[in-house]
Amino acid sequence: MDVRRLLENTYHHALVAVHPGALLQPHLTASRPDLILAIGKAAIPLARAAMGAYPGVPALVMPPVQVLLPGAEVIAGSHPVPGASSVRAAQAALERMAALNGDQEALVLVSGGGSALLCAPSGVTLEQKGTLTRDLQRAGADIRELNTVRRHLSRVKGGRLAAATTARVRALLLSDVVGDDPAVIASGPTVPDPTTFADALAVLDYYELSAPEARAHFQAGARGDVPETPKALPNVSNTVIGSNRLLLEAARTYLEGRGLRAVILGDTFEGDVRELARFHASVVRSVAGHGSPVTAPVVLISGGEATVQVHGNGMGGRNTEFALWLLHELGDVGVHALSAGSDGIDGSSPGAGAFLTPDSRARSHAAGLDVRDFLNRNDSGTFFDRLSDLLVTGASGHNLNDLRLIGIGN
């Protein structure tokens, strides 16, 4: 059996099984909206499905790449750091929402990536907000901490998009975050914000970031000089229609359909990438050596999202970094594995993620590649590129977080 090909096929078939359009279809009710807004990495397939169900309804679509979508206005934002186009998209969305009246309804389709693709800075310039976002990411801040800060530097996040209209707002969300909290997905443009300016200040303090302009804005908000984000939005409903769990279950179904045993370890894994790799390596060793908690052969499946503290200037992302740390932690234990993002883009690498094979360590030694050196430089993407072990797919139009597959033989 070509196990590497099997893992790649599993990834692709899982994405097909949870296509955004298919997840949206059951939620397209007979109630015809007056406006369709689609935001995020899955904005295009979500918009296509909604426009097919409601022909003639005005649509504003804000994806990461510019595409031709007949019948819709498309404004591609910038990702992962917002740019001028992200500001144009946010302004257009605010204007479209404000133009509706209390008897009308907006259908808002939200997917991950919307935090950068929809940007209306408040209290800071676009450049200052981008710099702070990068500094937080390099420091290892998780998505909740990032969004706490971004919501309080925005005129559109943390429920402010929905607050811009008196119309009814029906928001349908694809989750790319652990726990599927609607307030965290794309920084919750339609969701009441449970965090405060004081919470945003605490994030800056924890990571010892000065960010003087943002800090001054947060302090003004904590004093009550700047209005807080909305804490209630009675005209809004928010429904999560897709999650990482569905992606993992689709992968398991595909593998079991081919006569293989597959076990989902969980969809809530998060935290430091090395610790996450260390945990997975310990499970692999236990299964391979003791048949516990499951016996081999088996494919272990997990999801969630690791965080990476960036110390070097190499190429990679959280999935290639996880794969390289897993190789390091496994030592002489060889496995087939794939760690990949469902969006098809892993950080600064050209791939969605990376493969391991039982001979990865031997091949890296033969190529003169030192695992620890590449880890120290955060250059995991280059490591796997030199081994021809990157999974390169391009942007998938999905965003349901990460998928990890680890095959353990007899």
Please build a GNM for the chain, connecting alpha carbons under 10 Å apart, and tell me which residue among ALA120, ALA340, ALA98 fluctuates the most. ALA98
What is the distance in Å between the Cα centroid of the range 177-228 and that of the range 243-290? 33
Work out how much length MET1 to VAL67 would gain on full extension: take 0.36 nm times their residue separation and subtract the Cα-Cα distance, in nm to one decimal. 19.8 nm
Sorted on mean Cβ neighbours within 10 Å (highest first), peptides 265-273, 40-48 come out as 40-48, 265-273
If I take R0 = 35 Å and measure r between the Cβ atoms of ARG138 and ALA17 in this structure, what FRET efficiency does the formula 1/(1 + (r/R0)^6) give, to the nearest 0.05? 0.50
Rg and Dmax of the range 20-242, Cα atoms, in Å? 16.6, 51
What nm value, rounded to one decimal, do you get for the distance between THR125 and VAL81 when each label is placed 7 Å out toward the C-beta? 1.4
Quick one: work out the % antiparallel among DSSP beta bridges in the chain, nearest 5. 35
How many nm is it between the label spots at VAL333 and THR166, if each spot is 7 Å from the Cα in line with the beta carbon? 6.3
Semi-axes (Å, rounded, descending) of the ellipsoid equivalent to the chain per its C-alpha gyration tensor are 38, 25, 17
Taking the Cβ of each residue in ASP199, ASP373 as the centre, tally the other Cβ atoms inside 10 Å and list the residues starting with the fewest. ASP373, ASP199
Two decimals is fine: what's Rg over Rh for the range 13-147, C-alpha atoms, Kirkwood radius as Rh? 1.00
Would you mind checking the range 81-122 for residues with the amide N under 18 Å from a putative spin-label position 7 Å along Cα→C-beta of SER237? 102-110
Once every DSSP H run of n ≥ 4 in the chain is given -39500 (n - 2.57) and the sum is divided by its residues, what mean residue ellipticity at 222 nm do you get, rounded to the nearest 500 deg cm²/dmol? -11500 deg cm²/dmol
Inter-part distance where the range 37-53 and the range 68-107 are each reduced to a Cα centre, Å: 12
Quote the FRET efficiency, to the nearest 0.05, computed for SER348 versus THR29 with a Förster distance R0 of 41 Å and r equal to the Cβ-Cβ distance. 0.50
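Every number in this text was worked out from the coordinates using simple rules, so none of it is lab data. Remember, predicted model here, so these are calculated numbers, not experimental data. Methodologically, a virtual Cβ is constructed for each residue, glycine included, from the backbone with ideal geometry; neighbour enumeration extends over all protein chains shown.
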